[in-house]
Structures are given as structure tokens and as C-alpha cells.
1. Sorting check: for 61-70, 83-92, which peptide has the highest mean count of neighbouring beta carbons within 10 Å, and how do the rest follow?
2. Check the straight Cα-Cα distances from Lys107 and name the aspartates and glutamates below 18 Å, setting aside those fewer than 8 residues away within the same chain.
3. Would you mind telling me the share, in percent, of accessible area of segment 38-79 contributed by carbon and sulfur at probe 1.4 angstrom?
4. From Cα pairs below 8 angstrom and at least 6 apart in sequence, can you work out the relative contact order of segment 19-98, rounded to a whole percent?
5. Subtract the Cα-Cα distance of Asn81 and Ile57 from 0.36 nm times their separation in residues, and report this length gain in nm to one decimal.
6. In terms of Cα to Cα distance under 23 Å, which lysines are near enough to Lys66, apart from those fewer than 8 places away along the same chain?
Amino acid sequence: MKMIIVALAVVAVVAAAPADVPVSQILRSEFDQKPDGSYSYSYETDNGINIQAVGEIKQAVDEENKPHDVVVVRGIYEYINDQGKKETITYFADETGYHAEGESIPKAPVASR
């Protein structure tokens, strides 16, 4: 199901692209989903985009201390920015939210005492 959503999102983005913008070619695309809900995917395009992610099932507790399954996603993506420089972003997303790191990601100021 997730693969269908990803595929539809890609189609929507390509369809919305202005006609004078060249469309990138997918050089490699892989997707593997396990019966337990975990998955991995990666793809690479000819314009420098490279994406890899792994989703794993983890038990977490909610506000009422009841256990439930969550998907923890860890990944990396790379692209060429407007200045022609490769940007690399690593991230994870879990029950605490989305956490990204990379040179172009703003850093929270350190609190001083």
C-alpha cells in the first residue's frame, strides 16, 4: 500500500512539473516490504537525487502507558542544490517526531546560562 502511495506521489509531482523543466530519469528503484510491516526502499535519478530509507516496527508506550507498535524510519537523501553542490540529509522519524541533520538544516541555538 505504501508503495502505491509513493508511486502516486511521484506521478503527481511529475505531472505538475512545468513543460520547460526537464524530467529526470529513474536509474535505480528498489522496494522491499516484510509481512511484519517493516520495509526498505531506495532510488536514484540521473539528476543526482539518491534516497535510501528503512522502516522498522518498534514497541512504544502511549500517554496511558499502553504498548503499541510504531514504525521507526531511518534514512538519507542527497540532491544537488541550486548552487550545484551536493546536499546530504540524514534523518530518523519515530514516536518523538522527525529529526533531520545536514549542512543545510538549521541548528537550534544552544541555550546559555
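1. 83-92, 61-70
2. Straight-distance partners of Lys107: Glu87.
3. Ligands and nucleic acids excluded, carbon and sulfur give 47 percent.
4. Answer for segment 19-98 is 20 percent.
5. 5.4 nm
6. Lys58
The values are calculated or read from the model by the stated rules, or taken from the named source; none is laboratory data. For clarity, every value in this text was computed on a predicted model and none was experimentally measured. Every residue, glycine as well, gets a Cβ built from its backbone with ideal geometry; the counts of neighbours run over all protein chains shown. For the accessible areas, the whole protein counts, side chains as well, though only heavy atoms, and no ligand, DNA or RNA atoms are used. Shrake-Rupley method; radii C 1.70, N 1.55, O 1.52, S 1.80 Å.
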